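Values quoted throughout were computed directly from the atomic coordinates according to the rules given, and no laboratory measurement underlies them. Predicted, not measured: the structure shown is a model, and the values here were computed from it. When we count neighbours, we look across all protein chains shown, and the Cβ atoms used for this are built from the backbone with ideal geometry, even at glycine.
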Amino acid sequence: MPRPAWEIADIFTRYGHAFQTQYGRWLTPLHRLVFRALAFCRTARLGGHVMKCNDCGHQKPAYNSCHNRHCPKCQAGLRAQWFEDRQQELLPVEYFHVVFTLPDALGPLVLQNKRLIYNLLFRATAETLLQVAADWKGLRAKIGFFAILHTWGQKLDLHPHLHCVVPGGGLSLNDQTRWVNCPRGFFLPVKMLSRLFRGKFLALLKAAHQRGELTLTGRLQTLASRAAFNSWLTPLYQKEWVVYAKPPWNGPKQALKYLARYTHRVAIANSRLESIDNGQVTFGYKDYRRQHRQRTMTLAATEFIRRFLMHVVPRGFMRIRYYGFLANTHRNKQLAKIRKLLHVSPPAADCQPQECQDEEARQPEDNRCPQCRRGTMFPTERAPRPRLCEILDLPLMAPT
């Protein structure tokens, strides 16, 4: 696949000064680190080495990757390994794709309390799925699933939601000695999931407010009192929250391939960028409200960068989490038990799927010299990678 014409790094370096002039006070040290890491990825700013052919002497530079979790060019290896690990855990049952979405009205609160709100989203979602699966008369089982946090929509707007991939069944509640299948083609009642999720999340949010854990600055300062905050939440109790569940496309592997594109990347791929000229960025997006048609959108470069940085997650935050019989502490033991109950063997390991890698991140299969095609390229001169504090001090490209 050809290298994309434009990259996020090009936008950051070309319009970084204009963005910092407009939004500099808004940036946190983490934003600044991500900004520079992505801008300098695979450039001389991050160090590297010189590759030299042992036959013809041809030389070329090889620069270090930033390895930042938000970078569209990095993380391909981790993403492919995650896909392979999840494939080995698939069971010979129906799988369902369940999505839990927060209402847009919570957006300002989310931006000021990312770690807290996203943790509450995971907790409310997990408790909802586990409780409904245990209580609903059509299943009554202990299920397992994993959830992936996405915070963006196709237009890079704030749209926090969890994608959950759930086997269609679970272990019997009382003794966990039987596998219980859900009704064929149907997982759990969506309306029941939606309303329980709404109640649990809002209850958790109220409790966090009462403990003084929420940051409320700017226009949210008026919500400092319990009465004002509860009044602000009242309309959210009166609307239906978006939760949907459906069987994955063409089986669970297809769902994994879809989700693997986003497990170790944020917001947008370089391949969606179409133009970054004249202070504007044009990119493609899929319009889900109009039969998934492909469209384009143009934003001011500074607004594009602002939207991208909205999706920087807190340092150390886990965007992928596992629950029920797929929880990390006992996943292998539980899967072995379930396979025994289903009389099946673990799936055979597949080769690394091409779908899990970004085209721009793929590396050549060997180190053959591109000049003579006979010799082998090997590293010689090295420039060390700067430390994190040094990256923060590196200047962006001067404005033109």
field: Inter-centroid distance (Cα atoms) of the range 12-35 relative to the range 90-142, Å
entry: 33
Of 181, 332, 367, the one that fluctuates the most in a GNM where the chain has Cα springs shorter than 10 Å: 367
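Taking each pair of different alpha-carbon atoms in the range 147-199 once, compute 1/r for the pair, average those values, and report the inverse of that mean as the Kirkwood hydrodynamic radius in Å to one decimal. Intermediate results must be reported in sequence, preceding the final value.
Details: mean 1/r = 0.0721 Å⁻¹.
That comes to 13.9 Å for the range 147-199.
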- line: Ranked from fewest to most other Cβ atoms within 10 Å of their own Cβ, 97, 17, 67, 343 fall in the order 343, 67, 17, 97
task: State the Cα centre-to-centre distance between the range 230-302 and the range 156-208 in whole Å.
output: 22
- request: Identify which of 304, 12, 186 has the largest mean-square fluctuation in a Gaussian network model of the chain, with springs joining Cα atoms closer than 10 Å.
  value: 186
message: So the label point goes 7 Å from the Cα of residue 367 along Cα→C-beta, right? Which residues of the range 56-100 then have their backbone N under 17 Å from it?
response: 56-65
query: Tilt of helix 29-40 relative to the longest C-alpha principal axis of the chain, in degrees (0 to 90, nearest 10)?
result: 50
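Count the net charge of all other residues whose Cβ sits under 13 Å from the Cβ of residue 173, scoring Lys and Arg as +1 and Asp and Glu as -1.
On the way: positive: 137, 140, 142, 178; negative: 135, 175.
Once all neighbours under 13 Å are counted, the net charge is +2.
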message: If I take every Cα pair under 8 Å that is 6 or more residues apart in the chain, average their sequence separation and divide by the length, what percent do I get for the relative contact order?
response: 31
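Less than 11 Å Cβ to Cβ from residue 141, Lys/Arg counted +1 and Asp/Glu -1: what total charge do the surrounding residues give? Each step should come with its number before you reach the end.
Values: positive: 140, 142, 178; negative: 135.
Result for the local shell: +2.
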task: For helix 226-237, report the angle its Cα long axis makes with the longest principal axis of the Cα atoms of the chain; keep it between 0 and 90° and round to the nearest 10°.
output: 80
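Taking every pair of alpha-carbon atoms in the chain, give the share separated by more than 37 Å as a whole percent.
Working: 25861 of 79800 pairs.
Counting every Cα pair in the chain, those more than 37 Å apart make up 32 percent.
Among 271, 172, which comes first, second and so on when ranked by fewest other beta-carbon atoms within 10 Å? Before the final figure, lay out the partial values.
Details: 271 19, 172 14.
Going from sparsest to densest Cβ surroundings: 172, 271.
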query: Rg and Dmax of the range 248-326, using alpha carbons, in Å: what are they?
result: 16.1, 53
Acute angle (nearest 10 degrees) that the helix 331-342 long axis makes with the longest principal axis of the chain, alpha-carbon atoms: 60
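Among residues other than residue 226 whose Cβ falls under 12 Å from its Cβ, what is the net charge (Lys/Arg +1, Asp/Glu -1)? Write out the running numbers ahead of the final one.
Working: positive: 206, 211; negative: none.
So the environment of residue 226 carries a net charge of +2.
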- request: Sort 10, 85 so that the residue with the fewest other Cβ atoms within 10 Å of its own Cβ comes first and the one with the most comes last.
  value: 85, 10
